[in-house]
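Before any comments, here is the structure.
The values are calculated or read from the model by the stated rules, or taken from the named source; none is laboratory data. Computed from a prediction, not measured in an experiment: that's the story for all the values here. Neighbour counts run over all protein chains shown; Cβ positions are idealised from the backbone, glycine included. Remember, those area values only see protein heavy atoms, side chains included, never the ligands or the DNA or RNA. Shrake-Rupley method; radii C 1.70, N 1.55, O 1.52, S 1.80 Å.
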Amino acid sequence: MLWKTHGERQIYTNQWVNLCLVDVEQPDGRRWEHHVVRLRHLAVAAVVNEYREVLMMWRHRFITDSWAWELPMGLIEAGETPEQAAAREVEEETGWRPGPMKPLIYAEPANGITDSQHYVFRADGATHIGPPTEKNESDRIEWVPLERVRGMIDRREVVSSGSLVGLLYVLMDEVIRGPHEASAEPAPADVMRP
């Protein structure tokens, strides 16, 4: 069931997004132009402290006109590794410097329309270094107890895919390995390749 590509053309581009039309051929021989959104890749950080709380931000997203809790995340800059981007975003958005970043999971949240790659990391512990330098990211920054996270997800208080993937993986680790072993074994390096 392999789809073949015969070419691609950009119809709009800027520093954030590229909208392309890709000439594709389906397995049944039908050929047509498929819209593809090419995005810069994203790094996400789940920072968990010794009290089994995760660092989260309450923020508004104007596109959906909704408020929700999110993990710190942001675009990976040129010359930056996903791990470096995740640590930088935590500092800029929350004012906390995370402990060492460990690969948690890799995801492609909407690979039927976009090539966006999400690299999710876990850090155990953080040091407060001051107020966030990104002033327009969130209304509140809080350490949220992990036992509250499932209810928050069920109530749609967490809706971003990067946050959901990271939080669900952290919760799964907590159940499978227990709270003290959850961060001991990072994801294999090939899972997190840029």
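Round to a whole number: what % of the accessible area of the range 1-55 belongs to carbon and sulfur, probe 1.4 Å?
Percent of accessible area from carbon and sulfur atoms in the range 1-55: 53.
Calculate the FRET efficiency for H34 and R150 from the Cβ-Cβ distance with a Förster distance of 45 Å, rounded to the nearest 0.05. All intermediate terms of the calculation are to be shown ahead of the outcome.
Working: r = 37 Å, r/R0 = 0.82.
The calculated FRET efficiency here is 0.75.
How many nm separate the modelled label positions at E80 and R177, each set 7 Å beyond the Cα in the direction of the Cβ?
Here the answer is 2.6 nm between the modelled labels.
Using the heavy atoms of the protein chains and a 1.4 angstrom probe, tell me the accessible area per residue for the range 10-83 in square angstrom.
56
When the chain is fully extended, how far beyond the present Cα-Cα distance does D115 get from T133, taking 0.36 nm per residue of separation?
3.5 nm
Go through the range 93-110 residue by residue and turn each phi into a ³J(HN,Hα) via Karplus (6.51, -1.76, 1.60, θ = phi - 60°); whole Hz please, and just put x for glycine and proline.
8, 10, x, 10, 9, x, x, x, 7, 10, x, 10, 6, 10, 9, 10, x, 8
Tell me the per residue accessible area of the range 104-176 using a 1.4 Å probe; a whole number in Å² is fine.
In whole numbers, the range 104-176 has 54 Å² accessible per residue.
Please list, in order along the range 64-72, the HN-Hα scalar couplings obtained from phi with the Karplus expression 6.51 cos²θ - 1.76 cosθ + 1.60 (θ = phi - 60°), rounded to whole Hz, x for Gly and Pro.
Values, residue by residue: 9, 6, 9, 9, 6, 7, 9, 7, x Hz.
Of the chymotrypsin sites (Phe, Trp or Tyr not before Pro) in the range 12-96, which ones lie in a loop per DSSP and count no more than 12 other C-beta atoms within 10 Å?
Those satisfying the criteria are W16, Y51, F62.
Could you look at the range 61-182 and say what percent of its accessible area is carbon and sulfur, using a 1.4 Å probe and all protein chains?
54
Work out, step by step, the length gained on full extension between W67 and Q26: first 0.36 nm times the residue separation, then minus their alpha carbon distance; give nm to one decimal.
On the way: separation 41, 0.36 × 41 = 14.76 nm, distance 3.93 nm.
Separation in residues times 0.36 nm, less the Cα-Cα distance, equals 10.8 nm.
Given R₀ = 25 Å, what would the calculated FRET efficiency be for Y51 paired with R97, taking r from the Cβ atoms and rounding to 0.05?
It comes to 0.90.
Excluding R30 itself, calculate the net charge of residues whose Cβ lies under 15 Å from the Cβ of R30, where each Lys or Arg counts +1 and each Asp or Glu counts -1. Don't jump to the answer; show the numbers that get you there.
Numbers: positive: K4, R31; negative: D23, E25, D28, E33.
Value of the local net charge: -2.
For the chain, the longest stretch holding no trypsin sites (Lys or Arg not before Pro) located in a DSSP loop with at most 14 other Cβ atoms within 10 Å is which?
Answer - 31-134.
Quick one: order V54, V17 from most to least accessible surface, probe 1.4 Å.
The ordering from most to least exposed comes out as V17, V54.
Match the structure shown to one of the listed values (1) 37, 24, 13; (2) 32, 19, 16; (3) 44, 21, 16 of semi-axes √(5λ) of the Cα gyration tensor in Å, computed from it, and give that label.
(2)
How far is helix 161-177 tilted off the main Cα axis of the chain, in degrees rounded to 10, range 0 to 90?
50
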